[in-house]
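Report on one structure; see the data block that follows.
Here, each number is a calculation from the coordinates, and none is a lab measurement. Because the structure is predicted, anything quoted here is derived from the model rather than measured. Here Cβ is always computed from backbone atoms with ideal geometry, including for glycine, and neighbour counts include all displayed protein chains.
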Amino acid sequence: MKRRDFISKAGVAASAGLLTACGKTETGAVESVAAKPTETVHWKMVTTWPKNFPGLGTGANNLAALITEMSAGRLQVKVYGAKELVPAFEVFDAVSRGTAEMGHGAAYYWKGKHEATQFFAAVPFGLTAQEMNGWLYHAGGLELWGEFYDQFDLIPAAAGNTGVQMGGWFNKEINSLADLQGLKMRIPGLGGEVLKRAGGTPVSLPGGEIFTSLQSGAIDATEWVGPYNDLAFGFYKIAKHYYYPGWHEPGTTLEALINKQAFALLSEDLKSIVMNACKVVNQDMLAEYTYRNNAALKTLVEEHKVDVRRFPEDVLAELRRLSGDVVKEIAERDPFSKRVYESYREFREQAIAWHGLSEQAYMNTRSA
Ligand code: CA
């Protein structure tokens, strides 16, 4: 607060000085600074997360606080948890029609708008967090994402990443592919489609509804994120087995949705602040998950006696094969999907080649 007070006082002093200068010199530069809008802009941010939910909801809070702070209070963003203003899965439409100027969620929740949106969140056996950022920022991913959202008057931005997730919580052991038959599991996006091909029944539920569904037996298993978030939801109380790795979400990108008209009304510096605050939060959330997941895993294992298991190799191999089919079939549906798929596929090939010699080779060496 003190810092903001200081900034706002300094701003008033500078403006007063400029107004004097303006009267004396009337230079173009001074006029353009003096003509800056001074009114405060208020934005609402609706989210798909429970209010203040660790990592995800707090990431949205951080984004709002950062925009407010970086703009010295000229753009103030107020965050609404799921159901406070609109339900979780109505965030996209709410920002599209301007009910809120901004949203925070994940692009795979909008697969009903277009299946290709899932590429901008997570693809089974696809890119890691680091690779997603490479594709989005430098290899055309963000342009494709923006091209699709534009028709809904939306601008997307990467605004958080969970890193590699966990495979999920299961009420029974998964020892073979037969154990996936008839399995009712909360698993969103393309991972859900892969589970379906493997004989399971995928269910899509917002975070806030998972615990009771698992407890009542409406679902047999669920994935959510990783130890930090899963500990917060208390899944260890109702499911015995915690499987890894999260083959279905290897580096899920979370998104900020920005209403195009609201964005257009901002001054150039506020536009830059909004987009760069998204970049900061995109990195910071990943750093937070990297820091907190292992401590949470330790708590789950040592205090709550959770049974942590790796999926059997033949199960992973079959899921990998099915994932390849599912992802490729999306490309065949329409020209836009094909462009997204081709862009993603090309980058994935490069990432595998380079990371085979760098990240992957190093990690294998480090843990050998
Ligand atoms: Ca997940």
| Sorting H104, H42 on the 10 Å Cβ count, fewest up front, what's the list? | H42, H104
| field | Kirkwood Rh, Cα atoms: Rg over Rh of the chain | value | 1.03
| note | For the chain, longest principal axis from Cα atoms; helix 313-331 axis from its Cα atoms; angle between them, nearest 10 degrees, is 50
| field | Amide hydrogen neighbours beyond the local backbone of V79, cut-off 5 Å, H modeled | value | M45
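If R0 is 41 Å, what FRET efficiency do you get for Y137 and E313 from their C-beta distance, rounded to 0.05?
So, using R0 = 41 Å, E works out to roughly 0.75.
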| remark: Under the Karplus relation with 6.51, -1.76 and 1.60 and θ = phi - 60°, whole-Hz ³J(HN,Hα) for region 114-129, x at Gly and Pro, equal 6, 4, 5, 4, 5, 5, 8, 10, 7, 10, x, 6, x, 6, 7, 4
| query | Which value, in Å to one decimal place, does the Kirkwood hydrodynamic radius take for region 251-368 when every pair of different Cα atoms is included? | reply | 19.0
| task | With θ set to phi - 60°, apply the Karplus curve 6.51 cos²θ - 1.76 cosθ + 1.60 along region 251-262 and write out the HN-Hα couplings as whole Hz, x wherever there is a Gly or Pro. | result | x, 6, 7, 8, 10, 9, 10, 10, 5, 4, 5, 4
| remark: For V280, V86, ascending order of other Cβ atoms within 10 Å (fewest first) is V280, V86
| In sequence order, calculated HN-Hα J values of region 46-53 (Karplus, 6.51, -1.76, 1.60; Hz; x Gly/Pro) | 8, 10, 8, 9, x, 3, 6, 4
| What ranking do 92-103, 352-363, 195-206, 151-162 get when scored by the average of other Cβ atoms within 10 Å per residue, highest first? | 151-162, 92-103, 195-206, 352-363
| Charge dipole magnitude, Cβ of K and R +1, D and E -1 - the chain, Cα centre, debye nearest 20 | 760
| task | Estimate the FRET efficiency between K260 and N52 by the formula 1/(1 + (r/R0)^6), using the beta-carbon distance for r and 35 Å for R0, to the nearest 0.05. | result | 0.80
| field | Distant-in-sequence amide H partners of V41 (H built 1.01 Å from N, under 5 Å) | value | L75, Q76
| query | In deg cm²/dmol and to the nearest 500, what is the mean residue ellipticity at 222 nm of the chain if only DSSP H runs of at least 4 residues count, each as -39500 (n - 2.57), divided by the residue total? | reply | -16000 deg cm²/dmol
| request: Name the residues whose placed amide hydrogens come within less than 5 Å of the amide hydrogen of R309, ignoring near sequence neighbours (fewer than 5 apart) on the same chain. | output: Y242, Y243, Y244
| message | Please rank W169, W43, fewest neighbouring Cβ atoms within 10 Å first, as an exposure proxy. | response | W43, W169
| remark: In the structure shown, of K240/K298; K83/K172; K172/K328; K113/K338; K78/K237; K78/K279, the pairs separated by more than 23 angstrom at the C-alpha atoms are K83/K172; K172/K328; K78/K237
| query | What angle, in degrees between 0 and 90 and rounded to the nearest 10, separates the Cα long axis of helix 141-150 from the longest principal axis of the Cα atoms of the chain? | reply | 70
| message | Quick check for me: using +1 on Lys/Arg Cβ and -1 on Asp/Glu Cβ, what's the dipole size of region 108-190 about its Cα centre, in debye to the nearest 20? | response | 400
| Cα gyration tensor, region 171-221 - rounded (a/c under 1.5), prolate or oblate | oblate
